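Worksheet: one structure, shown below.
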Amino acid sequence: MGFIDNTRTAFADGAAGGLEFDSSSPSRVDDVVSPALVGEAMIERAKSFVVVAKRVDDDEAAQILLDAADKANVPMRVAADQVMTALEHDDVRGGITPDMLVHALDCVRPVEPAPSWDPVPAGPADPADPTGHPAPQAA
């Protein structure tokens, strides 16, 4: 289980007032904790890594994350999630180094919008025909 899953699990256990977390039901966390609360927990977790690796206070750590988010034009919670994902891939069990944090902050990237696979055109083929039906073919 990765950092993200651990954060969601731990946070759900605490926020649920002692409810047990059922790992066989991944949607259970989403039912108990709002996505905004999970995002805040991810931000706090990422800030704590910045505090430790850079030896800065909480406000400066928040500014470092905010700068990375602004640079990539993403919300801070997305930047925090990307930082934590990068650190997860670096396997920080032995400790986090400043170089690992720099790498993780460099991994914050813009999020590509989901492609639209809508096979139906946005409007009618013939602007004169509001039904959207194709115009009759000439014989």
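The values are calculated or read from the model by the stated rules, or taken from the named source; none is laboratory data. On a predicted model such as this, the values are computed, not experimentally measured, just so you know. Ideal geometry is used to build each Cβ from the backbone, glycine not excepted, and the neighbour counts take in all protein chains shown.
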Lone qualifier among G94, G123 - being over 23 Å from E40 (Cα atoms) and either at pLDDT 70 or above or touching a Gly at 6+ places or on another chain (Cβ under 7 Å) (or both)
G94
Among the numbered criteria (1) within 14 Å of the chain's Cα centre (by Cα); (2) modelled with pLDDT of 75 or more, which one does P113 miss?
(2)
Return the only residue of D30, D67 being at pLDDT below 95 and part of a helix (DSSP H, G or I).
D30
